[in-house]
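Have a look at the structure below, then the notes.
The values are calculated or read from the model by the stated rules, or taken from the named source; none is laboratory data. Note that the coordinates shown come from a computational prediction; the quantities given were computed from them, not determined experimentally. Here Cβ is always computed from backbone atoms with ideal geometry, including for glycine, and neighbour counts include all displayed protein chains. The area values use the complete protein model at the heavy-atom level, side chains included, leaving out ligands, DNA and RNA. Shrake-Rupley method; radii C 1.70, N 1.55, O 1.52, S 1.80 Å.
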Amino acid sequence: MQRILRVVAFAVVGFAVSAGMVHAVTDGSGDPVAVKSDDGKWSDKDGNPTFKIEADGTVDWYTYVGFTRYSAECLRCHGPDGMGSTYAPALIDSMKRLSYTDFYAIVAGGKKDVSASQDLVMPAEGENKNVMCFVDAIYAYLRARGDDAMGRGRPQNHAPKPAFYAKDVEQCMG
Amino acid sequence: MNQALSRKLAAGTILSSFLLIGSASAQTAGDDLLKMEKNAADVVMPTITYDNQRYSALDQINARNVGKLQVAWTFSTGVLRGHEGAPLVIGDVMYVHAPFPNTVFALDLNHDGRILWKYEPKQDPNVIPVMCCDTVNRGVAYGDGKIFLHQADTTLVALDAKTGKVVWSVKTDDPAKGATGTEAPMVVKDKVYVGVSGGEFGVRGWVAAYSVADGKQVWRAYSEGPDTDLLVDPQKTTSLGKPIGADSSLKTWQGDQWKIGGGDTWGWYSYDPQLNLIYYGSGNPSTWNPKQRPGDNKWSMTIFARNPDTGEAKWVYQMTPHDEWDYDGVNEMILTDQQMGGTMRHLLVHFDRNGFGYTLDRATGELLVAQKYDPAVNWATKVDMDKSSSNYGRPEVVAKYSTEHNGEDTNSQGVCPAALGTKDEQPAAYSPETGLFYVPTNHVCMDYEPFRVSYTAGQPYVGATLSMYPAPGGTNMGNFIAWDARTGKIQWSDPEQFSVWSGALATKGGVVFYGTLEGYLKAVDAKTGKELYKFKTPSGIIGNVMTYEHGGKQYVAVLSGVGGWAGIGLAAGLTDPHAGLGAVGGYAALSNYTSLGGTLTVFALPPS
């Protein structure tokens, strides 16, 4: 039975690719396809933050912000582009199983995996405005990376800054 | 006062303080080390000798026979994180340290490294994520029969060298604010010196002296703040020959920003017993967003020369005023005596993260040479050497690469070197035989975009996004070079696929050793750079190569165990954001070459 399922799954993936569907993947939060925009901030059908990438590679504003904030706050442990390092796991892999709620809980509350063989400790960022004010943007960016919807490095083009973005950030950062 | 008289007075002061203290063992700790460092069989300090030359007078292993080198024995530290620094050897015992949890082993060299004792502190694992760039430690120091270790949680501990038992321990700072211990201490006379890491958390840097006898703090000198905190005399402490004046640091910061201003002190220390000065550098100002901290941000990015007894600064020199690229100034200060222009000069040579190799007079702080030691360096055209210029000693910054000039939320592209620096903490070596310096370097550039951040104690305080890629025109991310500090010129350069992140060792045998991130220990000819030997150790090398003699036989040893900034930045490989569409993305990924795990590998020649 398992073998048949695998064959079917393969056929479905094959169909999706040949039909030119870009996001026939599901990740830890399910289907990442963007369905709703709140002033440039995209969410999927379940209301989770997500990315919106145009055919020419232009990314939405928040995914772009996610890249910059990830690279400032998370890169020193998790490596460039969510690829992991000798110090902390590759988040492009973790995103395949973590739901938005899981992700949020780990970022805000931290994580400890201390054993005889390794000492992995993720700090609680709940009080860190440089992270928490951008946690949805960082999620959207990593989701796009995990789903292979965008490549490595800085997005070459991004949607314009939404009208209320600066004010929102100011309010959050205090 | 003439120099001879002042020396006599100084000697008198030492003598009288000796009589007052009346503690022979405390007073002789450093005197012992001055004698002990001359015995090439042992390695009694992390810098090998006080002058930080990383030169060994051993010559059994030489350019003719190094090709026959074999592994004599190995030792696993049982720790997976990045292994920086090197072991010490004192007589029949080798002292090996490891990253967090900061294990220290004493190994019996008479019995192939049998464990004599092991020290493993219990530390709160919450210190792990406040260690920027891996839980590294750069080694232990020896003095007065004790082994000194600055733990990750900023506990300075003195262990009985014979038993490993804690003699005393003292807390030097607060990890809840992001302060951590990573650097190797140094012992001079009756004091042990340590500094602090935490520039990415807004930790204000300091160096402190503790009594080797009981752990009491004798003095503490901050990198930033009021003159009383800096331990400077506004009239007597000089910078480039001139008194620094009152409030030299406060004037260069806005408001109270100096309190979270960084300038941390996580590099190596050196000591000149004749001049009675210790030398070290301070790191980047916090945050990485230069717009947020107007001014020169003194004394971040600075070379300090201090009196080891009182802490008072004799001279300072800020290499990168108002840093805009994270070019920490902590790299080692190498003390040499060399002929320059027909006279013997007492030099201090420093290969800065900013890509300039500096040569100064170490007595006065006079700047003699400042030249790029990687031709790719582009953020500044040169250092102004004109003594009559108002910019004397300052770098001439190129506007295009100035993240201050380009401003917040603007991506400054193609800045060389990257924040890794042309060289990081991995120390260079100097051979008095060739008069050359052997420098492990990074050949990596970056894009850097600063933006506004808020400060929360104990949380990262960075404020910049950066992407890194190999310097234009090649795919190699590192070079191992030979440098003439008198002229500021590269003599030869061996390209390496990855950044060279291992400390070098020069030897009287005409061989220079270094390690690579793939894990090779390499031996090259000191004159030509020609590769004479290589061996792939179990993991990437970010430790420093050392050599010692035991039972009449010379050994070479190095810790492997990939990690640190190198392991974080290069594990997944770099991509070039400017390669254009269709270009094959990505350079070699370190993770395809090596994996985690700390091992000491000891090499020797086969029995003849």
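Annotations for the structure displayed:
- Region A:95-123, residues that are in a helix (DSSP H, G or I) and surrounded by fewer than 15 Cβ atoms within 10 Å (Cβ to Cβ): A:Thr101, A:Asp102, A:Ala105, A:Gly109
- Test: B:Glu396 is in a helix (DSSP H, G or I), of a type in the set (Asp, Glu) and open to solvent by 30 Å² or more (accessible area, probe 1.4 Å): no
- Residue in region A:73-85 that is within 11 Å of the chain's Cα centre (by Cα) and in contact (Cβ under 8 Å) with a residue 40 or more places away in the chain present: yes
So that you can scan it fast, the table gives a plain yes or no per residue for (1) of a type outside the set (Ser, Thr, Tyr); (2) assigned to a loop (DSSP other than H, G, I, E, B); (3) within 14 Å of chain A (Cβ to nearest Cβ):
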| position | (1), (2), (3) |
| --- | --- |
| B:Leu107 | yes, no, no |
| B:Leu116 | yes, no, no |
| B:Gln123 | yes, yes, yes |
| B:Thr135 | no, yes, yes |
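- Residue check, A:Asn157 among the polar types (S, T, N, Q), within 12 Å of another protein chain (Cβ to nearest Cβ) and either farther than 14 Å from A:Lys41 by Cα or open to solvent by 40 Å² or more (accessible area, probe 1.4 Å) (or both): no
- Among the residues of region B:80-121, just one is basic (Lys, Arg) and closer than 26 Å to B:Ile568 by Cα, namely B:Arg81.
- The lone exception for A:Gln118 - which of (1) within 8 Å of another protein chain (Cβ to nearest Cβ); (2) modelled with pLDDT of 90 or more it fails: (2)
- Residue count for region B:431-471 satisfying the condition of being outside any strand (DSSP E or B), facing chain A (nearest Cβ under 10 Å) and among the β-branched types (Val, Ile, Thr): 3.
- Single residue of A:Gly66, A:Gly84, A:Gly126 found to be under 24 Å from A:Met173 (Cα atoms), surrounded by fewer than 23 Cβ atoms within 10 Å (Cβ to Cβ), of a type outside the set (S, T, N, Q) and within 13 Å of chain B (Cβ to nearest Cβ): A:Gly126
- Any hit, region B:505-515, residues being surrounded by fewer than 22 Cβ atoms within 10 Å (Cβ to Cβ), in contact (Cβ under 8 Å) with a residue 60 or more places away in the chain and more than 14 Å from chain A (Cβ to nearest Cβ): yes
- Restricting attention to region A:1-57, the residues being assigned to a helix (DSSP H, G or I) and either of a type in the set (A, V, I, L, M, F, W, C) or at pLDDT 80 or above (or both) number 12.
- Matching residues, region B:53-100, being within 14 Å of chain A (Cβ to nearest Cβ), farther than 25 Å from B:Pro606 by Cα and part of a strand (DSSP E or B): B:Glu84
- Pair list, Cβ under 9 Å, 6 or more apart: region B:209-233 residue closer than 23 Å to B:Lys146 by Cβ and hydroxyl-bearing (Ser, Thr, Tyr), other residue modelled with pLDDT under 95 and open to solvent by less than 20 Å² (accessible area, probe 1.4 Å): B:Ser211/B:Ala26
- Here B:Ala161 does not qualify as within 14 Å of chain A (Cβ to nearest Cβ), over 24 Å from the mean Cα position of the chain (by Cα) and aliphatic (A, V, I, L, M).
- Yes/no for A:Arg145 being in a loop (DSSP other than H, G, I, E, B) and touching a residue at least 60 places away in the same chain (Cβ under 8 Å): no
- When region B:164-188 is filtered for residues that are within 17 Å of B:Gly145 (Cβ to Cβ), assigned to a loop (DSSP other than H, G, I, E, B) and touching a strand residue (DSSP E or B) at 6+ places or on another chain (Cβ under 6 Å), the ones remaining, listed by number, are B:Gly164, B:Pro185.
- Flag: B:Thr410 does not match the condition of being more than 14 Å from chain A (Cβ to nearest Cβ), open to solvent by 40 Å² or more (accessible area, probe 1.4 Å), among the β-branched types (Val, Ile, Thr) and farther than 26 Å from B:Pro129 by Cβ.
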